[in-house]
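Taking it in order: structure first as structure tokens, then the write-up.
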Amino acid sequence: MVDLLQKYPLTGFHFSVVFELFPQLPHDCRFQEVSGLSADIVMEAGKEGGNNSFNRQLPVKIQYSDITLKRGMFEVPSGVMAWCINAIQNFKFQPTNLMISLLNDVHFPIQNWYVVNAIPKKVEFSTLNAEQSQLAIETLVLTYEYFKIINSSTVLAEVMNSL
């Protein structure tokens, strides 16, 4: 049930990223940062009925920005990284969907972004520096067709009503 008297906004530090790839290992869904989840409405200026004193803005299409995922590198091979390397080294692209979920304090997804037909666009590895004690970070940049916003409380209500 949705808490209509929720006192605080959701936190952005408890989330998961799940790819529809196989095989998938436990650390394939662990990222330290997700950025770039945005949709912009592209507008076109148009004149109306001979009135040249202003332009009417008309929506043309939705444009989605690239998603950037960052995480520490693991010694164990990663299914997600194998997917990216296959695209980069062999130029074989296998579009896949992924779910980015914002989780509550009991690890239940509250807000979800279902990303459709993502492919790797860029893979970057952090600078290796013997004078600094830092984690090795891998950055994945994905491009995709679109995303759907799925609110978990709405989905839960629909499931409960269907029982």
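Of note:
- Overall, the chain carries a charge dipole of about 300 debye about its Cα centre when +1 sits on the Cβ of Lys and Arg and -1 on the Cβ of Asp and Glu, all other atoms neutral.
- Relative to the longest principal axis of the Cα atoms of the chain, helix 152-162 runs at roughly 80 degrees.
- Of Lys122/Lys148; Lys47/Lys122; Lys47/Lys121; Lys7/Lys61, pairs whose Cα-Cα distance is over 32 Å: Lys47/Lys122; Lys47/Lys121; Lys7/Lys61
- Per-residue [θ]222 nm for the chain (sum of -39500 (n - 2.57) over DSSP H runs n ≥ 4, rounded to 500): -4500 deg cm²/dmol
- Max mean-square fluctuation residue, GNM over the chain, Cα-Cα springs under 10 Å, options Ser65, Ser53, Ser38: Ser53
- Candidates Lys92, Lys70, Lys47, ranked by Gaussian network fluctuation over the chain, Cα under 10 Å, top entry: Lys47
- Prolate/oblate/rounded label for the range 106-155 (Cα gyration tensor, a/c 1.5): oblate
- For the range 86-98, Karplus couplings with θ = phi - 60° (6.51, -1.76, 1.60), whole Hz, Gly/Pro x: 4, 5, 6, 7, 9, 6, 10, 9, 10, x, 9, 8, 9
- Whether the range 13-78 is rounded, prolate or oblate, judged on the alpha carbon gyration tensor where a/c under 1.5 counts as rounded: prolate
- Most mobile listed residue (Asn151, Asn104, Asn129) in the chain, GNM with C-alpha springs under 10 Å: Asn129
- Amide H within-cut-off set for Ser65, under 5 Å, with H built and near neighbours excluded: Ser38, Asp40
FYI, it's all coordinate maths here, none of it is from the lab. Given the structure is predicted, the values throughout are model-derived calculations rather than measurements. As a convention, Cβ positions derive from the backbone with ideal geometry for all residues, glycine included, and neighbour counts pool all protein chains shown.
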